[in-house]
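The values are calculated or read from the model by the stated rules, or taken from the named source; none is laboratory data. Note that the structure is a prediction, hence the values are computed from the model and not measured. Cβ sites come from the backbone with ideal geometry, for glycine too, and all protein chains shown count toward neighbours. Side chains included, ligands, DNA and RNA excluded: accessible areas come from the protein's heavy atoms. Shrake-Rupley method; radii C 1.70, N 1.55, O 1.52, S 1.80 Å.
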Amino acid sequence: MSYHILHLTTPNCAISTDKGLLFCKYKSGETNMISLADIKAIIVATHGVTFTNSALAKLLENNVVILHCNNSYQPTGWSLPLQRIVRPKVFYNQISRNEDFEIKLWKNVLKSKINNQANCLDIIGNKEHTLYKLIKKPLVSESNIARQYWKHYFDEIGNPIKREHENAENFENICLNYGYAVIKTLIYRAIIVHGLLPELGIHHLGKYNSTPLVYDLMEPYRPFVDYYFYKFVQDFEQDYNSENLKEWAKFVSMAIKCYRIKINGISYKIVDSVDLYIEKIAESYMQYDCSNLFLPQLKEQYLHIDKHRNREYEE
């Protein structure tokens with residue numbers, strides 16, 4: 001079994017089942033199908049999706065998790081088989097809070113982020129940074145690394161500004177924050193599907209109605225967004241401005257589907273690599289073991305455009 005996670009992103013499609021198959025019929029009349037036995041979860045990330053009652057029953061009988069999202073693509077609820085917790089051992093091990101394991105896990109995640117930041121600067125042409133040296137220090141200073149990274153990054157963008165996390169005014173920061181929000185949504189959905197609690201972080205502190213684990217685990221993917229924005233800027237022969245925000249949104253959507261990473265000989269879209277990344281995090285909780293993590297590497301991605309496939313129906 002391949003255990004696909006289906007991302008339903010095309011509006012107004014109809015889901016039904018027959019003879020062990022799941023059918024997705026689009027408004028255009030086109031239909032895709034997949035074996036029910038191969039489905040692990042369905043993420044409904046658009047509007048107008050309908051399920052027949054028999055389809056829902058069959059999916060739940062096959063232990064398929066159905067995650068429902070709102071108009072902002074944020075998870076709002078899910079459908080689960082009766083008396084089921086997704087991966088109980090993962091759930092119980094997470095709430096047990098093994099401090100040594102969580103420290104080791106965070107070090108792996110943080111190192112992956114900083115390596116990707118260094119790779120991003122390398123790729124966009126900056127050779128003056130010393131991030132690789134800073135990573136090797138016994139005590140890694142995130143603030144020092146961030147200051148150096150953003151200075152070199154914005155210099156390469158051509159606008160030496162400061163990084164704004166909230167209430168951003170500069171177009172560059174507004175775009176970066178939007179891109180991070182897209183990644184945050186993907187991480188959030190994957191965390192829920194793979195049985196982790198987003199409210200229990202490994203580094204960020206929990207606050208009322210917050211999801212610290214999402215912010216922890218999205219860190220390695222932030223430099224991917226930085227790289228995509230650099231590429232976006234390079235596409236403009238003239239100055240870009242706030243009117244280009246819609247174009248940036250389209251570019252991000254294209255990037256996470258058209259850029260891929262090869263893992264163990266298999267090519268994954270960035271959007272699908274998030275699921276594998278979080279799945280390996282969940283598995284690490286099973287034995288409190290970080291040895292088999294998949295940590296995304298920016299330098300391993302490549303652009304792949306399938307001109308024959310324009311349907312946003314992801315398997």
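The table for this structure:
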{"quantity": "Förster radius 45 Å - calculated FRET efficiency between LYS127 and GLN74 (Cβ-Cβ, nearest 0.05)", "calculated": "0.70"}
{"quantity": "Sparse-neighbour loop sites [trypsin sites (Lys or Arg not before Pro); the range 155-207; at most 13 other C-beta within 10 Å; DSSP]", "calculated": "LYS162, LYS207"}
{"quantity": "3J(HN,Hα) from dihedral phi, the range 36-50, Karplus parametrisation 6.51/-1.76/1.60, rounded to Hz, x for glycine, proline", "calculated": "4, 5, 8, 9, 9, 7, 10, 10, 8, 10, 7, 9, x, 7, 10"}
{"quantity": "Low-density loop cleavage sites - chymotrypsin sites (Phe, Trp or Tyr not before Pro) in the range 171-266, where at most 15 other Cβ are within 10 Å (DSSP)", "calculated": "TYR208, PHE236"}
{"quantity": "Exposure ranking of ASP275, ASP38 by accessible area [1.4 Å probe, largest first]", "calculated": "ASP38, ASP275"}
{"quantity": "Largest-first ellipsoid semi-axes for the range 46-200, taking √(5λ) over the Cα gyration tensor eigenvalues, angstrom", "calculated": "38, 23, 12"}
{"quantity": "ILE263 long-range amide H proximity, modeled H, under 5 Å", "calculated": "TYR268"}
{"quantity": "FRET E, pair PHE91, ARG147, Förster distance 25 Å, beta-carbon r, rounded to 0.05", "calculated": "0.05"}
{"quantity": "With every protein chain in place, the chain: carbon and sulfur % of accessible area (1.4 Å)", "calculated": "49 percent"}
